[in-house]
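What follows is a set of notes on a single structure, which appears directly below.
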Amino acid sequence: NTLHVFAHIHVISSSPSGIGSSMSRHRVVAGLALAIVVPLVSAYLVANASAAALSDNEQSLNFFSLSGIANAFRAFWDIVGPGGKLHPAYFLEHKGHLLIEGALILVIVYLALQHSFKVRRHAEEPLTEKEIDQLCKEWSPEPLVPSTAGELAPPESHVITGLEGPYVYLKGRKEKVINVASSNYLNMANNKENKIESIETVNTYGVGSCGPRGFYGTIDKHLDLEKELADFYDTEAAIIYSYDVATIASIIPAFANRKDIIIYDECCSYPIQTGCTVSRARVALFKHNDMDDLTRIIENFEAEEKAKNKPLCRKLIVVEGIYSNYGDMAQLKSIWEIKDKYKYRLMVDESHAFGVLGATGRGACEHFGLKPGQVEIIAASMSHAMGSVGGFCVGDRDIVEHQRLSGSGYCFSASLPPYLAVASSHMLRLLRPDKSGNSPGKELMALLQKRVRALRDQLKGIPGLKLFGGAALPSPVLHMHLAKSSGDAVEDQETMYRIADHVLVNGGVLVGVSQYSKLDIRRPPPSLVIYATVALGEKEILTVVGALRKAVRDVIKA
Amino acid sequence: MSSGDTIAPPFFSILSALFILSAASIFGKIRDVIYFLLHPFKVKGRTGYAPIRDPTEDFYMRRMYGRIVDCWNRPICSAPTAWVDVMKRERARDTNGIDIAHIVPTGGHIRCLNLSSYNYLGFAAFDPYCTPRAVGAIENLGISSCSPRIHAGTTSVHVELEELVARFLGVEDAITYGMGFATNSSTIPALVGKGCLVISDALNHSSIVAGIRASSAKVKVFRHNDADHLEKLLKLAIAEGQPRSHRPWKKILVIVEGVYSMEGETCRLKEIVEVAKKYRAYTYLDEAHSIGALGSTGRGCCEHWGVNPRDVDIMMGTFTKSFGSCGGYIAGKREVVEHLRRHSPAHLYACSMAPGCVEQVTSALHVMMGMDGTDRGKQKIDQLHDNANYVRSRLLTMGLDVLGSWDSPVMPIMTYNAAKMVAFSRLTLARKLAMVVVGFPATPVLLTRTRICISASHTREDLDWAIEQMEEVVDLCMLRYRTKALYQLVESELKHHVKRHFGPEHVERATIKALATGELDLRRLKDQSAKAVEGGIGVGGNAQQQQQQQQQQQPQSTSAKPKRAAANSKAQLEGKGPATSPRNGDTHRKPLASVQAHAKAFVVSK
């Protein structure tokens, strides 16, 4: 019977835990049970005791003698002790447990009928409609764009009104000036035959393609260009994009997502940075051209993957063949060895190297002796040596076909205007070797190398300026930094603007000054950007160097 | 409510669609098993490298998309004008089970009616005014500048185009980029960043999504075209502030599109701009499909709804569609454009727009603004609206579920079933119609559709012929769903459209049937009301403002370009300047009444 009761108590304590099981709830239930059971039991006891007292009333109770006390105790014990009517056993034997059970059932029913009440996590009340309106009224946003006051204003862009060989005509200037600010390396953009071919295409196809590639925006000229690119690079397939900055920025997200790893050189340009941001992959930067740092980062990643026992993910190393923000080259041979050892995929942005480096003009990969297919993804802009607009990517069919479905800049953008595709094809045809292995493009590339060497040789010696990468580099991108920085980037930038202005006004040479967006993760030091092109003759190079020398002397002294 | 909300695929078509999809996937799995049993040692991909696609996606691409790959990427070998030469293709021999199906041209082509290119105003092919100018620019300034705008990429045509775009839109300044996608994806990060909130329409284009992801701003999505939901989100966002830190947002940017490319719907710009203004959020309007195509003079969504373009903070648009070129622009207040000139990556690092493309846009804008000395621009836009409304009404009376708004040249026809979509695409091509079909993942699985884009270069005969061909295909594919709610909504929208543009006296007879049979000729109504306006009724603020502005800027361009001066002044004399339609004035006088009427029309339609 006692067990019976314990069983009920157990029921009591367990039944609410079935409804809701917080500690405070247990306490409440136990309290409720006691509050109901204790008065019931005590009422029963008192009733029994008074009945017993009444039946013994002829025997007067004398509390003042010892025997009296003993008698009273005995009488009390008769009632309360074992066998007595007030002993719990007697109570239980005479169906008293039914009473307790009944009471407990009542408690359970009572609890079951209660709403389970929730403990509010946040003590705060939600905002009322009035408060929300008030908050809306109080909110004052920042202006859409920050004020430009106090910021160094870049000079107005020079407006070009006409071309003549390496010279351009500028608005507001009568004399032509030498243009070393265009990366028109092989002079394809002004090539006569190229222009005629483009104009014919405009006349038959119109200018725009009026649709994305998927929706009747694929024109036979695009297919021709893709095939020529694949043949030129000796890869399975090629894909073209309609803008240079959108090329890499859409290729990277196609090959990486949250689970994947991208490692890129800290000096990579903005399209690579934004591609990595958009992909949401785990990103790490290695020190510029530092192979030990690259190995260290890869090993860190490998150790982390192993420790967490993660499944194999896509891993990518991204570098530029020629870094557009610095003009130097990636050490592709060693990078390829590292990539091969750790089974990473390698992606090379060949924008400035394509049509410039390598025996056949395939770019930095060829320059470093890498064979077609060794580098998984090669991407490049068509707006430098090709003299057109747009970008392309070559690789295995799998790599390329994947981009046709996942490259957002390819799927969701109108395709390249057909005449620009034709202009790109024209340049590829020039590079294609004939039976003896020669091609007009090869001669142009040799000439370009001559110009690069001449420019680099003469520019490295200008006092006050420092040519990044030195004279021996075959890169046609020349960044000239200040030899002695003032320590303040804004002041240096202003000096650069003044030098460029001086060079234009007094020397008749148009040079670019690098300018970086606030979105860049790291701003390279201010520099003058000079591109070597085949159009520049020896005479023009001398003028450029002379003008720069004079400008630096005048500006830095003043 | 938008037309997309009224449709619901019929039960049987849901059932059949799911059946088809599961059958395709089961058979695909069986084929995979058989393939790997037959080639037990063939391992896909290289060992040690993770596969390029994840297995589910890979299966979908190979076994589902691979079967219907011929419906997309159809190459053409002519200008994308009213009729195109679609190249014949066939499945390549080397297509196996583990690569995506490869499909190659076999030579030869079919001449098809082009119902798919975004050639809204018909500037895609050779144009007697535009093409010689584009050719001239290539001759003078080269094929490409090979340089970003800040170095040597700014040419005289770029400067001219930016001035012209700003003038065309009636804003202070504009900046142009070489690609529409990059315009969005590089401008948004330059405007918003950490601590900023972007509220984006649910159906916004992928380039906007890319731009938001490239910025580190937080994003919330409001229900498509639902200004009430936008208000709710804005209120909550401002009240609660940034997540976790609860600091107030630095700024909030609301991004909407003028015409949604997969829905054909125009944005409820007026309501959305009002809500955004009320809560001091900035608005970003992407007019990729609406610039040139909407509004009585082609000035886009603002003109269509009578919204002052200066109330929209950032006007973005592309030159790919209506103007038959490539590239995009951002227009707005001078300081905004100035900020972008300093910080937008596509301005600083990307090669500038090719001079030929620039000149194509400039000359197309000249035609649209009547600066070429003819009324060709006006004819084009009238023809486009006439074509679009005619085809829409014909398709609706055929019993098809056609989404979208009146005047919008984009009209999706719902097929609800992937198999029907594919059948429709193949059957129409066999009948010499080049049409676009869209399915998963671009749309939800059950909302597959086929899309028509109307051009001003289509003649009435072309369109009648196309509809005749489609009648047969529609019967074969059983596409006449006749969703009543959709039809009623579209008809009430038509009545509202007619009332707003041509006055309440025509509302009675404005039915879809009347439009389809030609009893109601909107083009004639437009001409009549234009005449009435010229006859002396005053023109409201918006149009006048624009005209004044044009007059102010006229002398500048005259001095710069003596050749065009004659054409300009001639156009001015003939009154071919912007907007002389009555509704600009009407809506400007009582903007509130117009909104109320609009709201009422939608409530009634429910």
For B:Ser144, indicate whether it is of a type in the set (Ser, Thr, Tyr) and under 25 Å from A:Val477 (Cα atoms). yes
Pull up region A:517-528, narrow it to residues that are at pLDDT 90 or above and over 13 Å from B:Leu348 (Cα atoms), then point me to the one that is farthest from the other protein chains (Cβ to nearest Cβ). A:Pro525
Could you tell me whether any residue of region A:232-248 is at pLDDT 95 or above, closer than 25 Å to B:Tyr118 by Cβ, among the aliphatic types (A, V, I, L, M) and part of a helix (DSSP H, G or I)? no
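Answer yes or no as to whether A:Phe255 is of a type in the set (A, V, I, L, M, F, W, C) and either under 27 Å from B:Gly153 (Cα atoms) or surrounded by fewer than 24 Cβ atoms within 10 Å (Cβ to Cβ) (or both). Please lay out each step first, then the result.
Details: of a type in the set (A, V, I, L, M, F, W, C): yes; either under 27 Å from B:Gly153 (Cα atoms) or surrounded by fewer than 24 Cβ atoms within 10 Å (Cβ to Cβ) (or both): no.
Against the criterion (of a type in the set (A, V, I, L, M, F, W, C) and either under 27 Å from B:Gly153 (Cα atoms) or surrounded by fewer than 24 Cβ atoms within 10 Å (Cβ to Cβ) (or both)), A:Phe255 does not qualify.
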Which members of region A:263-309 meet the condition of being assigned to a loop (DSSP other than H, G, I, E, B) and either closer than 23 Å to B:Ile208 by Cβ or of a type in the set (D, E, K, R) (or both)? A:Glu266, A:Arg280, A:Ala281, A:Lys287, A:Asp290
Quick test for you: out of B:Ile413, B:Ile330, pick the one residue that is within 14 Å of chain A (Cβ to nearest Cβ), in contact with a helix residue (DSSP H, G or I) (Cβ under 9 Å, 6 or more places away or on another chain) and either over 28 Å from A:Asn203 (Cβ atoms) or modelled with pLDDT under 95 (or both). B:Ile330
Residue list for region A:100-114, filter: in a helix (DSSP H, G or I) and surrounded by fewer than 16 Cβ atoms within 10 Å (Cβ to Cβ): A:Gly102, A:Ile105, A:Leu106, A:Val109, A:Tyr110, A:Ala112, A:Leu113
Check on B:His229, more than 10 Å from chain A (Cβ to nearest Cβ) and under 31 Å from the mean Cα position of the chain (by Cα): yes
Do you know which residues across region A:475-529 are surrounded by fewer than 19 Cβ atoms within 10 Å (Cβ to Cβ), in contact with a helix residue (DSSP H, G or I) (Cβ under 6 Å, 6 or more places away or on another chain) and more than 17 Å from A:Val555 (Cβ to Cβ)? A:Lys518, A:Asp520, A:Ile521
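For region B:278-290, does any single residue satisfy the condition of being in a helix (DSSP H, G or I) and within 12 Å of another protein chain (Cβ to nearest Cβ)?
Taking every residue of region B:278-290 in turn, at least one turns out to be in a helix (DSSP H, G or I) and within 12 Å of another protein chain (Cβ to nearest Cβ).
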The residue that is surrounded by the fewest Cβ atoms within 10 Å (Cβ to Cβ), considering only those in region A:143-184 that are in a strand (DSSP E or B), hydrophobic (A, V, I, L, M, F, W, C) and more than 9 Å from chain B (Cβ to nearest Cβ), is A:Leu170
If I ask for residues that are of a type outside the set (Val, Ile, Thr), at the interface with chain B (Cβ under 7 Å from one of its Cβ atoms) and surrounded by fewer than 23 Cβ atoms within 10 Å (Cβ to Cβ), which ones from region A:196-223 would you list? A:Asn203, A:Gly214, A:Asp220, A:Leu223
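To keep it simple, each residue is scored yes or no on (1) of a type outside the set (A, V, I, L, M, F, W, C); (2) over 23 Å from the mean Cα position of the chain (by Cα); (3) closer than 30 Å to B:Glu139 by Cα.
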residue	(1), (2), (3)
A:Asp292	yes, yes, no
A:Lys306	yes, yes, no
A:Asn309	yes, yes, no
A:Leu312	no, no, no
A:Met329	no, yes, no
A:Met347	no, no, no
A:Ala353	no, yes, yes
A:Met382	no, yes, yes
A:Met386	no, yes, yes
Top-ranked residue in region A:268-326 [being among the polar types (S, T, N, Q) and free of Cβ contacts under 8 Å to residues at least 40 places away in the same chain; ranked as farthest from A:Gly358 (Cα to Cα)]: A:Asn309
Within region B:354-401, take every residue that is among the β-branched types (Val, Ile, Thr) and farther than 14 Å from B:Gly292 by Cα and give me the one that is nearest to the other protein chains (Cβ to nearest Cβ). B:Val358
Within region A:317-325, does at least one residue satisfy the condition of being of a type in the set (A, V, I, L, M) and surrounded by fewer than 15 Cβ atoms within 10 Å (Cβ to Cβ)? no
In region A:185-195, anything buried (at least 24 other Cβ atoms within 10 Å of the Cβ) and at the interface with chain B (Cβ under 7 Å from one of its Cβ atoms) is listed as A:Ala189, A:Asn194
Residue check, B:Ile98 against (1) assigned to a loop (DSSP other than H, G, I, E, B); (2) under 27 Å from B:Gly356 (Cα atoms); (3) more than 7 Å from chain A (Cβ to nearest Cβ), all met but one. Which one? (2)
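Got a sec? Which of A:Gln374, A:Gln449 is over 27 Å from A:Ile199 (Cα atoms), within 14 Å of chain B (Cβ to nearest Cβ) and not small (Gly, Ala, Ser)?
Values: A:Gln449 fails: within 14 Å of chain B (Cβ to nearest Cβ).
None of the other options fit; the residue is A:Gln374.
Matching residues to (1) farther than 19 Å from B:Ser185 by Cα; (2) outside any helix (DSSP H, G or I); (3) within 14 Å of chain A (Cβ to nearest Cβ):
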site: B:Gly292; (1), (2), (3): yes, yes, yes
site: B:Thr297; (1), (2), (3): yes, yes, no
site: B:Val307; (1), (2), (3): yes, yes, no
site: B:Arg310; (1), (2), (3): yes, no, yes
site: B:Gly317; (1), (2), (3): no, yes, yes
site: B:Phe323; (1), (2), (3): yes, yes, yes
Hand me the list of strands (runs of 3 or more DSSP E) wholly inside region B:328-439 holding 3 or more residues that are within 20 Å of A:Gly211 (Cβ to Cβ). B:410-414, B:436-438
Looking at (1) buried (at least 21 other Cβ atoms within 10 Å of the Cβ); (2) part of a helix (DSSP H, G or I); (3) touching a residue at least 12 places away in the same chain (Cβ under 8 Å), which is the only condition A:Arg404 fails? (1)
Select from region B:110-143 the residues that are among the small types (Gly, Ala, Ser), closer than 28 Å to B:Ser290 by Cα and facing chain A (nearest Cβ under 7 Å) and list them in ascending order. B:Ser116, B:Ser117, B:Ala124, B:Ala125, B:Ala134
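Can B:Gly45 be described as at positive phi and either in contact (Cβ under 8 Å) with a residue 12 or more places away in the chain or more than 35 Å from the chain's Cα centre (by Cα) (or both)?
Taking the combined requirement at face value, the residue satisfies it.
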Listing of strands (runs of 3 or more DSSP E) fully contained in region B:156-242 that carry 3 or more residues being in contact with a helix residue (DSSP H, G or I) (Cβ under 9 Å, 6 or more places away or on another chain) and closer than 21 Å to B:Val307 by Cβ: B:197-201
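The values are calculated or read from the model by the stated rules, or taken from the named source; none is laboratory data. Computed from a prediction, not measured in an experiment: that's the story for all the values here. All Cβ positions, glycine included, derive from the backbone under ideal geometry; neighbour counts span all protein chains shown.
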